[in-house]
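A quick write-up on the structure given underneath.
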Amino acid sequence: LEYSSQLEAKSAELSRTARQLREANAKLTQVSKQKDAFLSQVSHELRTPMTSIRAFSEILRDAEGLSAEEQTRYAAIIHDESLRLTRLLDDLLDLSVLESGQVSLNMDDATLNEVLDRAVSSALAGSDRKIGVRRVRANERIPLYTDLDRLGQVFINLISNAQKYCDADEPVLTISAHDVGGQMVIDFIDNGSGIPTEAQSLVFEKFARVGSDKAGGAGLGLAICREIMQRLGGEVAYLPGHAGAAFRVSLPLAYRQAAQ
Ligand code: ADP
């Protein structure tokens with residue numbers, strides 16, 4: 001009798017192991033599928049600028065009788081497309097480092113105000129598109145203890161997105177900070193037509209683009225922001241209920257206390 005109950009226990013253990021193996025296998029298949037999908041998206045994103053660089057450089061090399069103006073225009077396209085490629089590769093590299101979890105954070109203290117000032121100037125200097133930035137400074141003196149460059153990178157991304165995608169006649173971005181329920185919360189709300197409800201949770205996925213705005217990048221910016229905020233122990237999320245696009249960055253207040 002004892003022998004048979006031992007056998008039963010063994011057989012239960014075996015079927016448990018078999019189930020675990022099956023589950024692990026299913027997970028591996030899923031990861032491998034995601035990897036394939038990612039690679040095919042990457043190659044697609046790389047191919048578009050590559051094709052145009054090849055085509056226009058061939059025209060410059062082979063076509064006879066191009067006017068000086070045409071030559072300049074084609075060279076400018078090649079230049080823009082190679083910048084796009086560089087940006088894409090930089091973003092992919094940054095994302096893969098962040099996702100691997102092998103980023104070392106460079107913690108320091110500053111007030112929110114200082115990080116925002118720097119991010120606003122840097123974003124505005126980086127683009128020709130005009131946007132008014134309205135700051136609600138009430139809580140901006142709040143001290144932070146975090147990786148200031150990484151947090152600044154998130155802010156720059158959100159400000160540049162408002163610059164790129166806000167479709168108001170007179171684009172305005174309002175940035176306001178609050179201290180809510182143990183969290184430091186910073187809202188970025190523009191006066192454009194916003195992001196449709198069904199797309200609001202998707203914009204943080206890699207290669208997510210709403211509509212077909214070719215002026216934009218590859219759709220990696222918000223995915224990078226999400227990874228950074230996760231590393232900083234906080235979050236970035238879409239803030240529903242506004243007419244324009246609205247994003248909320250939150251950092252736990254513990255980071256603040258650590259600085260004191
Ligand atoms: P990219 O790096 O290509 O700019 P993001 O990941 O930053 O892409 O953003 C994803 C998509 O979300 C953009 O392609 C755009 O369609 C949409 N989006 C982001 N910010 C805004 C905004 N302020 N207003 C409208 N759409 C936005």
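The values are calculated or read from the model by the stated rules, or taken from the named source; none is laboratory data. As the structure is a prediction and not an experimental result, all values here were calculated from the model. Virtual Cβ from ideal backbone geometry, glycine too; neighbours counted across all protein chains shown. The protein model used for the area step is the full one, side chains on, heavy atoms only, and it has no ligands, DNA or RNA in it. Shrake-Rupley method; radii C 1.70, N 1.55, O 1.52, S 1.80 Å.
Listed by chain and number, the aspartates and glutamates whose alpha-carbon sits under 20 Å from that of residue 33, ignoring those within fewer than 8 places in the same chain, are 23, 45, 99, 205.
Every helix of 4 or more DSSP H residues in the chain counts as -39500 (n - 2.57), and over all residues that averages to -19500 deg cm²/dmol at 222 nm. Size check on the stretch 107-260: the Cα extents along the three principal axes, sorted descending, read 46, 28, 27 Å.
When the accessible area of the stretch 129-179 is split by element with a 1.4 Å probe, what percent falls to carbon and sulfur? The C+S portion of the solvent-accessible surface of the stretch 129-179 is 47 percent. Here is the P(r) of the stretch 1-131: all C-alpha pair distances, binned every 10 Å from 0, give 9, 17, 20, 19, 14, 9, 6, 4, 2, 0 in whole percents.
The share of Cα pairs per 10 Å bin across the stretch 169-224, counted from zero up to the longest distance, runs 19, 39, 35, 6 percent.
Of all the options 246, 68, 55, the one that moves most in a Gaussian network model of the chain with Cα springs shorter than 10 angstrom is 68. For the chain, the relative contact order comes to 16 percent (Cα pairs under 8 Å, sequence separation of at least 6). Once the chain from residue 46 to residue 118 is taken as fully extended at 0.36 nm per residue, the excess over their C-alpha distance is 22.8 nm.
Kirkwood hydrodynamic radius, the stretch 86-150, all distinct C-alpha pairs: what's the number in Å? Spell out each step's value before the answer.
Values: mean 1/r = 0.0704 Å⁻¹.
Roughly 14.2 Å, rounded to one decimal.
On a per residue basis, the stretch 8-132 carries 73 Å² of accessible surface, using protein heavy atoms and a 1.4 Å probe.
Could you order peptides 221-233, 151-163, 26-38 by the average number of other Cβ atoms within 10 Å of their residues, highest first?
Details: 221-233: 20.2, 151-163: 22.3, 26-38: 10.5.
With the highest mean Cβ count within 10 Å placed first, the list reads 151-163, 221-233, 26-38.
Leaving out ligands, DNA and RNA, what percent of the accessible area of the stretch 1-70 is carbon and sulfur, probe 1.4 Å? Percent of accessible area from carbon and sulfur atoms in the stretch 1-70: 58. Taking all pairs of different Cα atoms in the chain, averaging 1/r and flipping that mean, what Kirkwood radius in angstroms comes out? Value: 21.6 Å, from the Cα pair sum.
Using the heavy atoms of the protein chains alone and a 1.4 angstrom probe, what is the accessible area of the stretch 172-234 per residue in square angstrom?
Numbers: 2670 Å² over 63 residues.
About 42 Å² of surface per residue is accessible.
Springs join every pair of Cα atoms under 10 Å in this Gaussian network model of the chain, and among 25, 113, 139 the largest mean-square fluctuation is at 25. Go ahead and set up a Gaussian network model of the chain, Cα springs under 10 Å, then flag whichever of 78, 186, 59 fluctuates most. Its mean-square fluctuation being the largest, the pick is 59.
In square nanometres, what is one fourth of the surface area of the convex hull spanned by the alpha carbons of the stretch 56-169? Walk me through the numbers on the way to the answer.
On the way: hull surface 42.9 nm².
If you wrap the Cα atoms of the stretch 56-169 in a convex hull and average its projections, you get 10.7 nm².
Calculated on the Cα set of the stretch 1-78, radius of gyration then Dmax: 30.1, 97 Å.
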